[in-house]
Amino acid sequence: MEFAELIKTPKLDSIRVFYPIDQSMEATLCITSHHLIVSSRSNASQELWLLHSMVDVVERKPNNTSSGGTVGLKCKDFRIIELEINGWTDFNNICNSIEWLSNLDDPRLLYPHFYRAMYEVVENGWNAFQIENEFSQLLMLSDDWRISYVNRDFAACSSYPEAVIVPKSIDDDCLTSIAAFRCLGRFPVLSYFHKTNKTALLRSGQPMVGTNSKRCKDDEKLINTVLGSGKRGYIIETRTQNLAQLARTKGGGFEPEVHYPLWRRVHKPIDRHSTLLDSLCKLIEACNDSKSSMDKWLSRLESCGWLTHIKDVLSSACLVAQCLDKELASVLVHGSEGMDSTLQVCSLTQIILNPDCRTVHGFEALVEREWLQAGHPFATRCKHSAYTITSARTREQSPIFLVFLDCVYQIFNQFKCSFEFNEKFLIYIFEQTYGSQFGTFLGNCVKDRKEMNFSKKTVSLWSYVNKPEILQDFLNPSYEPNNAVIWPSVAPQSLELWSGLYLRWVVDQTANEKACNRFAEIKAKEKELKAKATQLRRKLIDLVSNQTSNKTKEL
């Protein structure tokens with residue numbers, strides 16, 4: 001397919017563009033294979049570049065009184081851009097082209113395959129986070145684990161990487177047997193080893209016990225091997241008890257206590273898929289309504305349920321962290337497939353327990369290990385965002401990773417000095433998951449990326465972010481390394497809307513920032529004046545005291 005066939009009007013003069021924070025300009029519009037480019041006619045430096053893949057919905061608003069109309073571009077990063085176009089032909093051509101180009105399904109047609117880095121790649125991000133490096137650090141803490149290549153050529157599980165860390169006493173034949181027993185072949189693998197207490201965090205898919213209560217002795221052996229003699233563990237189930245029971249009628253289920261007597265199952269239900277997307281849509285709709293009264297805004301914020309989802313995920317992660325750190329117990333986490341809520345809980349647990357995950361490099365490694373290599377289907381989950389119409393949504397589309405980033409922000413907001421990176425870093429990663437020049441988040445799993453040779457044909461996001469001049473913008477100036485466990489509060493009063501993300505296109509953040517800076521200056525000046533007043537007061541007291549003392553001596 002030639003891109004030129006999809007672009008009927010490549011250039012159009014004399015359009016008016018309306019974009020966030022009540023800005024507009026007379027401009028020239030250019031449509032290329034991967035970008036929509038809007039250039040101001042009066043200011044050469046004013047230019048907007050928008051990836052087609054970042055467009056969520058194209059909204060057509062024809063004029064009733066004249067030809068042409070307004071094209072509304074609702075973006076996956078929550079921006080809304082409007083193009084006012086004259087002429088029916090140009091109006092329809094522009095709408096059609098953007099709709100076609102923003103809905104390309106073949107990742108080989110997306111911009112990362114055509115982007116070439118115009119800078120020297122010092123560190124190749126595709127090779128920066130190898131499992132062998134992780135394992136070498138684990139060996140210094142425990143000799144009970146090994147790297148298994150049972151999934152070479154993705155023979156055991158299509159969504160796992162080819163190398164995984166498993167208990168040393170479990171051979172590959174056992175793993176093959178367990179893979180046949182677990183949903184989608186996702187057998188239990190090590191997610192995190194808590195060095196303080198030598199406890200392990202595992203993740204997997206649900207066991208396929210069905211209504212006949214099937215069992216797999218190799219699975220039971222692996223799970224119990226992790227515990228060690230005389231210890232008990234926890235299975236954290238991210239579904240409700242009713243959903244877990246219902247899954248048995250479809251061949252899935254949970255670990256029966258009779259076969260796993262040393263493990264206690266705890267249900268910590270976390271919503272996912274369409275429920276989350278509906279919640280996000282309602283949140284963004286409320287954020288975009290700048291005319292709401294205070295009561296209506298608070299009511300809509302509560303009814304959308306977004307912060308409730310954040311609380312549920314954080315609560316589950318805190319429970320897992322408590323089991324590992326306080327109760328000295330190993331934990332297995334799973335829901336159904338083990339590719340969504342399971343990854344949220346496991347990765348947030350590490351943010352809480354592991355100070356390394358609160359550094360830039362450690363957080364990149366966490367995203368790589370617990371999301372990209374663990375098989376979270378980014379291409380499917382992030383195909384649409386908050387503006388997609390209800391009829392176009394599918395069950396598989398869901399802002400799972402955004403919920404994780406929001407939870408990280410909540411922890412960051414409570415422990416600002418404990419994170420090496422800043423809020424801007426989290427927002428930047430969010431944007432890259434929906435539309436990017438980098439190949440890091442393309443595909444649904446390692447298998448997809450290997451088959452399409454992304455590591456050779458695209459540039460890694462980490463190669464760019466870790467450039468010193470770029471990284472500087474993402475560093476937290478208040479960072480003080482903190483090796484302690486950090487326990488976030490999940491009380492409603494402690495959680496807040498991430499305004500830097502959800503309101504950044506609605507509220508003038510620059511004006512807010514200036515106001516905050518001005519307030520800080522005033523407070524600093526006030527503090528300075530108070531200090532001077534205190535100093536003068538002390539001098540006056542000393543002066544009076546000396547005078548009194550002198551008079552006493554004279555008497």
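The values are calculated or read from the model by the stated rules, or taken from the named source; none is laboratory data. All of these numbers come straight from a predicted model, not from anything done at the bench. A quick note on method: Cβ atoms are made from the backbone with ideal geometry, for glycine too, and the neighbour counts reach across all protein chains shown. These area figures cover heavy atoms from the full protein model, side chains too; ligands, DNA and RNA do not enter into them. Shrake-Rupley method; radii C 1.70, N 1.55, O 1.52, S 1.80 Å.
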- Criterion (of a type in the set (A, V, I, L, M, F, W, C) and part of a loop (DSSP other than H, G, I, E, B)) met by exactly one of ALA374, ALA379, ALA365: ALA374
- Name the residues in the stretch 106-125 that are touching a helix residue (DSSP H, G or I) at 6+ places or on another chain (Cβ under 9 Å) and either more than 18 Å from GLU2 (Cα to Cα) or part of a loop (DSSP other than H, G, I, E, B) (or both), would you? LEU110, ALA117, TYR119, VAL121, VAL122, GLU123, ASN124, GLY125
- Condition met for SER97 (surrounded by 15 or more Cβ atoms within 10 Å (Cβ to Cβ) and among the small types (Gly, Ala, Ser)): yes
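Among the strands (runs of 3 or more DSSP E) contained in the stretch 135-250, which hold 2 or more residues that are crowded, with 21+ Cβ neighbours inside 10 Å? Explain how you work it out, then say what you get.
On the way: elements: 145-148, 164-167, 189-194, 199-203, 233-237.
Strands (runs of 3 or more DSSP E) meeting the threshold: 164-167, 189-194, 199-203, 233-237.
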- Query: Among the residues of the stretch 253-293, which ones are open to solvent by less than 30 Å² (accessible area, probe 1.4 Å) and in a helix (DSSP H, G or I)?
  - Reply: LEU276, LEU277, SER279, LEU280, CYS281, LEU283, ILE284, ALA286, CYS287
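In this structure, does PHE441 turn out to be touching a His at 6+ places or on another chain (Cβ under 9 Å), more than 13 Å from THR359 (Cα to Cα), of a type outside the set (Gly, Ala, Ser) and buried (at least 20 other Cβ atoms within 10 Å of the Cβ)? Don't jump to the end; show me each part of the working.
Numbers: touching a His at 6+ places or on another chain (Cβ under 9 Å): no; more than 13 Å from THR359 (Cα to Cα): yes; of a type outside the set (Gly, Ala, Ser): yes; buried (at least 20 other Cβ atoms within 10 Å of the Cβ): yes.
No, not satisfied.
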- Query: Scanning for something among the charged types (D, E, K, R) and assigned to a loop (DSSP other than H, G, I, E, B), does the stretch 319-334 turn up at least one residue?
  - Reply: yes
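Can you find a residue in the stretch 294-310 that is charged (D, E, K, R) and either surrounded by 18 or more Cβ atoms within 10 Å (Cβ to Cβ) or closer than 23 Å to LEU426 by Cβ (or both)? Step through it out loud before you land on a result.
Here is the first cut: in the stretch 294-310, the residues charged (D, E, K, R) are 295-296, 300, 302.
Pick out the ones that are also either surrounded by 18 or more Cβ atoms within 10 Å (Cβ to Cβ) or closer than 23 Å to LEU426 by Cβ (or both) and you get none.
Checking the stretch 294-310: not a single residue is charged (D, E, K, R) and either surrounded by 18 or more Cβ atoms within 10 Å (Cβ to Cβ) or closer than 23 Å to LEU426 by Cβ (or both).
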- Query: Has the stretch 403-421 got any residue that is open to solvent by 40 Å² or more (accessible area, probe 1.4 Å) and farther than 30 Å from LEU324 by Cβ?
  - Reply: no
- Message: Just to be sure before I move on: is ASP56 under 28 Å from LEU280 (Cα atoms), in contact with a Phe, Trp or Tyr (Cβ under 7 Å, 6 or more places away or on another chain), part of a loop (DSSP other than H, G, I, E, B) and at pLDDT 95 or above in the structure I sent?
- Response: no
- Message: If I go through the stretch 387-396 residue by residue, how many of them are open to solvent by 10 Å² or more (accessible area, probe 1.4 Å) and not in a helix (DSSP H, G or I)?
- Response: 6
- Item | Criterion (among the acidic types (Asp, Glu), part of a helix (DSSP H, G or I) and in contact (Cβ under 8 Å) with a residue 12 or more places away in the chain) met by exactly one of ASP90, ASP77 | ASP90
- Message: Can you pull out every residue in the stretch 444-470 that is open to solvent by 20 Å² or more (accessible area, probe 1.4 Å) and among the small types (Gly, Ala, Ser)?
- Response: SER455
- Give ILE178, ILE147 a once-over and let me know the one that is closer than 30 Å to THR196 by Cα and in contact with a Cys (Cβ under 7 Å, 6 or more places away or on another chain). ILE178
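Of these, ARG152, ARG146, ARG108, which one is modelled with pLDDT of 95 or more, among the basic types (Lys, Arg) and within 19 Å of LEU372 (Cα to Cα)?
On the way: ARG146 fails: within 19 Å of LEU372 (Cα to Cα); ARG108 fails: modelled with pLDDT of 95 or more.
Going through ARG152, ARG146, ARG108 in turn, just one is modelled with pLDDT of 95 or more, among the basic types (Lys, Arg) and within 19 Å of LEU372 (Cα to Cα): ARG152.
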- Query: Can you find even one residue in the stretch 26-33 that is assigned to a strand (DSSP E or B), touching a helix residue (DSSP H, G or I) at 6+ places or on another chain (Cβ under 8 Å) and not aliphatic (A, V, I, L, M)?
  - Reply: no
- Note on the structure: Of the residues in the stretch 471-505 that are in contact (Cβ under 8 Å) with a residue 12 or more places away in the chain and in a helix (DSSP H, G or I), the one that is most open to solvent (accessible area, probe 1.4 Å) is PRO492
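Here is a yes/no grid of residues against (1) of a type outside the set (Val, Ile, Thr); (2) in a strand (DSSP E or B); (3) open to solvent by 30 Å² or more (accessible area, probe 1.4 Å); (4) in contact with a Cys (Cβ under 8 Å, 6 or more places away or on another chain):
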site: LYS8; (1), (2), (3), (4): yes, no, yes, no
site: PHE18; (1), (2), (3), (4): yes, yes, yes, no
site: ILE21; (1), (2), (3), (4): no, no, yes, no
site: SER42; (1), (2), (3), (4): yes, no, yes, no
site: ARG60; (1), (2), (3), (4): yes, yes, yes, yes
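Does LEU343 count as in contact with a strand residue (DSSP E or B) (Cβ under 9 Å, 6 or more places away or on another chain), touching a residue at least 40 places away in the same chain (Cβ under 8 Å), open to solvent by less than 30 Å² (accessible area, probe 1.4 Å) and outside any helix (DSSP H, G or I)?
Values: in contact with a strand residue (DSSP E or B) (Cβ under 9 Å, 6 or more places away or on another chain): yes; touching a residue at least 40 places away in the same chain (Cβ under 8 Å): yes; open to solvent by less than 30 Å² (accessible area, probe 1.4 Å): yes; outside any helix (DSSP H, G or I): no.
Answer is no for this residue.
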